[in-house]
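Structure first, then comments.
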Amino acid sequence: MSRARPIERAALVVAVLVAALAVLGPLLAPHDPYAVNLAQSLQGPSAEHWFGTDVNGRDVLSRLLYGARETLPATLVVIAAATLIGTLIGTLAALGGKVLDEVLMRITDIGLSLPSIILALGLAAALGPGLRSAVIALALTWWPGYARLVRTLVREVKDAEYVDAARTLGVSRLRLVFAHILPNALGALYVQTTLDVSAVMLVISGLSFVGVGAQVPSAEWGAMIAAAANNLTNGWWAVVFPGLAIMLTALAYNLVGDWLRVRNDPTLREGAR
Amino acid sequence: MTETLLAVRDLRIAFPGRTGPVEVVHGIDLDLARGEKVALVGESGSGKSVTARAVLRLDPDARLSGRIDLAGVDVLALPARRLREIRGARAGLVFQDPLASLNPVMTIGWQIIQPLVIRGVPKRIARRRAIDLLTRLGVRDAAHRFDDYPHQFSGGMRQRVVIAIAVIAEPALLIADEPTTALDVRVQARVLELLRELAAERDMAVLLITHDLGIVAGFADRAVVMRHGRTVESGPVEEIYARPRHEYTRALLAAVPRIGGDPSRPLAVIGEGETC
Amino acid sequence: MLTEPLLRVENLVKHFAGRRVLDGISFEVAPGEVLGLVGESGSGKSTTARCVARLTEPDQGRVTLAGRDVLAAGRRELRAIRRDMQMVFQDPYSSLNPRMTVAALIEEPLAVHRLEADRRRRRDRAAELLELVGMSAAHLDRHPRSFSGGQRQRISIARALAVGPRLLICDEPVSSLDVSVQAQVLNLLGDLRRRLGLSILFIAHDLAVVYYLCDRVAVLENGALVEIGTREQVYGSPSHPYTRSLLDAVPVPDPAVERARRSDR
């Protein structure tokens, strides 16, 4: 059986911890994350401020704890929405016949060619700047990659002998898709989505950096890095700790995702005996 | 007695497993005289293929012990870089799947002459010998087909190309691992015929690995029946088929459906509870 | 034939990429009869099976099962027809959904055809079917991956039998199995056929296997049916040269016979 290896257990602990910190952040934060105190500007790590303070004298640790409440849900919403749309479009394209395939794939191509920043700028203009516009823009530009992947995966599986076998049994089309095709096709998609957690986190930060994502004084992790980048030489802690938070979280979710995939795939599990 | 070409003594083969090495062949003895045709017969998991591959040390993961003597060369003592001296020159190999064992992006001619070219035979001479050999193997218009690619050949023709690659350097031993399993019966009959003729013309020994008791009967002089990594029985095919000594051999022979047999009688089932 | 045929196939024609792979195939299978369909690769035997099962749509022709038109049937009618006609595939490693347990695999047809509404009874039925094909009900909660090829083929057969079909279409069901396992599956098919009165359309390239199991044999060459007759006719006095060349090429597990044959050539 696939017992979790030590590194996977550690990853699971980190992933749960980050999620817990995101929920409990306000209770744990030692300071007000938004309280500007220029007298305390750019203090290094100390007993008072474990991770130091930023240029406005705000406690970096407290801001990280609050920031988790923005970065993490935003990332997960983007991934979930993109997965849902991508799976729907990709599956329909693979199974719906030539015409539908052609139409959906052209739409996907258009989606692929949309730069997320431009779309985010447009949405920011329409809906007002903020994390919400960034999330919507990102979800709308992220799904086409999944649609293509799902289309390929489903096409590989749809002619498998066990799908034919189910057809001859008289299994309905809906059940064919949900019980026989998708569970076997989507393994590679799960891996892709967990790998994408880090990428999405970074793009959200990027959007925040150019001003169409999270707005000042938000403690969104990417926005924190962006704001502190100018003072890297005399205040490395304000950049490094949010950076480490992003890296550790992304890594943890990757490892957990991979472990879940192996655990949930009977073809990998029982074959290893 | 004729001259011994291949002598295998107490060959044990193990592969690395999760909890240390797993032995899959537990001490096999095998002898082939020059020009002799021997069949290594068994079902999947019998160890017949790994045994044959061990003769050329084809599995780098395998841990081999015992002794393999091929035309005076101690195969197991040979340093890895000198293995090329025996592969191709002393022993050629034919695998089951003719498509998978040919390189799809190289012409068949290029692939056939490689065993000669790497031994320093000039290309022009190698080419002529390859065309002669293909013609001998029944490839029509061999000179023109020399520059074709594997996908332009049918399954049976591809297997002839694979055989050409295996025998062009005139090895004393040909190891054929299920060479006709992927082929239709009529093509199978023709390919076996060709192998038999080549063996006779060149005094080449053949080690045929197969699960098919039918083709063993028509092809081999002697048979070695393997099961679970051990030799169950060996001897001249006439004796084994007429008077199988071991229960497993008997059951195996009785498990094969035969044209002209009595269909109302169930086929023999090999014991050991739920074997299948 | 006095009895009305269970399966009637008339003039099947199918093209793939401009090539005529089925060129007017017609045959019948009587109730309780086993018909063997033999031929080399590319002869169209598997395509014929797939057209009969309506996994592939033929360009022309008619398939009638117990008086019902298979090719003209709408979705609902086709489902009803499939209760009478089940299929067993060649590769036991790819014909079972790797993510489903044995219980789920065998129960699926029962649920789909609403043959057994109660969950527990469905499971009991799955256990019975598993025992019918010679396997222990203790295997119900395992996945296909943990079984050998022969066991998987038994599971496939149990699954096909779940809906109580009258016709079983077997597409090379033993060609990827070891000799001893092949014998077990052939014995099982022969046994089931006697016990359940099944008709079987048996597709194979191995003429000895077909001889063992089939009452009548149809020989296909390049998409055309060149000979059809009883086992004794086709094997004893084949009328078509292609059939004769096939029979001549079949290796016989008897060195004396093989030697005599070679000296004849």
Peptides ranked, highest mean first, by Cβ atoms within 10 Å: ranges C:215-221, C:153-159
C:153-159, C:215-221
Extension length gain for residue A:50 and residue A:199 (0.36 nm per residue less Cα distance), in nm, is 50.9 nm
Based on the Cα atoms of chain A, what semi-axes does the equivalent ellipsoid have, where each is the square root of 5 times one gyration tensor eigenvalue, given in whole Å with the largest first?
41, 24, 12
Packing-ranked peptide list from A:253-263, B:224-234, highest mean Cβ count within 10 angstrom first, is B:224-234, A:253-263
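Roughly how crowded by other chains is peptide C:184-190, in terms of the mean Cβ count from those chains within 10 Å of each of its Cβ atoms? It would help to have the intermediate numbers written out before the result.
Numbers: counts 9, 2, 5, 6, 2, 0, 5.
Across the residues of C:184-190, the mean count of other-chain Cβ atoms within 10 Å is 4.
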Percent antiparallel among DSSP beta bridges confined to region C:7-230, rounded to 5, stands at 55 percent
For chain C, what does the relative contact order come out to in percent, with C-alpha contacts under 8 Å and a separation of six or more?
25 percent
Inter-part gap, Cα centre of region B:20-59 to Cα centre of region C:199-218, in whole angstrom, is 34 Å
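Could you quote the convex hull projected area for the protein assembly as shown, Cα atoms only and averaged over all directions, in nm²?
Working: hull surface 176.1 nm².
Over all viewing directions, the protein assembly as shown projects a mean Cα-hull area of 44.0 nm².
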Would you work out which of B:40, C:143, A:75 lies farthest towards the positive end of the dipole of the protein assembly as shown? Charges go on Cβ: Lys and Arg +1, Asp and Glu -1.
A:75
Beyond 17 Å, what percent of the Cα pairs of region A:27-140 remain?
68 percent
Descending Cα extents along the principal axes, region C:90-200, whole Å
39, 32, 21
Please name whichever of C:24, C:12, C:153 sits farthest to the positive end of the charge dipole of region C:7-230, dipole taken about the Cα centre and charges placed at Cβ: Lys and Arg +1, Asp and Glu -1.
C:153
Can you work out ³J(HN,Hα) from phi for every residue in region B:13-29, in order, using Karplus 6.51 cos²θ - 1.76 cosθ + 1.60 and θ = phi - 60°, giving whole Hz and x for Gly and Pro?
10, 10, 10, x, x, 5, 10, x, x, 10, 7, 10, 10, 10, x, 10, 10
Starting from the 7 Å offset along Cα-to-Cβ, what nm value, one decimal, do you get for the label separation of residue C:128 and residue C:59?
4.7 nm
Return one quarter of the surface area of the convex hull spanned by the alpha-carbon atoms of region A:121-182, equal to its mean projected area, in nm².
5.6 nm²
Starting at 0 and stepping by 10 Å, how many percent of the alpha carbon pairs of region A:79-138 end up in each bin?
22, 40, 28, 10, 0
Volume per residue of the C-alpha convex hull in chain B, rounded to whole Å³:
156 Å³
Pop a pseudo-label 7 angstrom from the Cα along the beta-carbon direction at both residue C:137 and residue C:71 and give the gap in nm to one decimal.
4.4 nm
In debye, nearest 20, what is the charge dipole magnitude of region C:7-230 about its Cα centre with +1 on Lys and Arg Cβ and -1 on Asp and Glu Cβ, if you could check?
960 debye
Among C:229, C:35, C:189, which residue has its Cα positioned farthest towards the positive end of the charge dipole of region C:7-230, with +1 placed on the Cβ of Lys and Arg, -1 on the Cβ of Asp and Glu, and the dipole taken about the Cα centre?
C:189
If I model region C:1-135 as equal point scatterers sitting on the Cα atoms and use the Debye formula, what is log10 I(q)/I(0) at q = 0.13 Å⁻¹?
-0.71
Using a cut-off of under 20 Å, list every residue of region A:19-33 whose amide N is near the label point 7 Å from the Cα of residue A:76 along the Cα-to-beta-carbon line.
A:19-29
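Take peptides A:206-215, B:118-127 and line them up by average Cβ neighbours within 10 Å, highest first, as a rough protection proxy. Let's see the in-between values first.
On the way: A:206-215: 21.9, B:118-127: 12.8.
Listed from highest to lowest mean packing, they are A:206-215, B:118-127.
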What size of dipole, in debye to the nearest 20, comes out for region A:138-273 about its Cα centre when the only charges are +1 on Lys and Arg C-beta atoms and -1 on Asp and Glu C-beta atoms?
360 debye
Please average, across the residues of B:216-223, the number of beta carbons from any other chain that are within 10 Å of each residue's own beta carbon, and give a whole number.
4
Taking the Cα centre of each part, how many Å lie between region C:161-190 and region C:69-86?
23 Å
Counting only other chains, and only Cβ atoms inside 10 Å, what mean value do you get across the residues of C:85-98?
5
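In debye, nearest 20: dipole of region A:54-107 around its Cα centre with unit charges on the Cβ of K, R (+) and D, E (-)?
Details: 5 positive and 5 negative charges, 8 e Å.
Result for region A:54-107 is approximately 40 debye, rounded to the nearest 20.
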For the pair residue A:127 and residue A:152, what calculated FRET efficiency results from E = 1/(1 + (r/R0)^6), where r is the Cβ-Cβ distance and R0 = 25 Å, to the nearest 0.05?
0.15
Find the centroid of the Cα atoms in region B:209-233 and in region A:124-160, then give the distance between the two in whole Å.
58 Å
Please state, to two decimals, what the Cα-based radius of gyration of region C:7-230 comes to when divided by 2.2 N^0.38 Å (N = residues).
1.00
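Sorted from largest to smallest, which semi-axis lengths in Å does the alpha carbon gyration tensor of region B:52-183 give for its equivalent ellipsoid, taking the root of 5 times each eigenvalue?
In descending order, the three semi-axes are 27, 17, 12 Å.
Any read-out appearing in this document is the output of simple, stated calculations on the displayed coordinates, not a laboratory observation. Quick caveat, the model's predicted, so the values are computed rather than measured. Methodologically, a virtual Cβ is constructed for each residue, glycine included, from the backbone with ideal geometry; neighbour enumeration extends over all protein chains shown.
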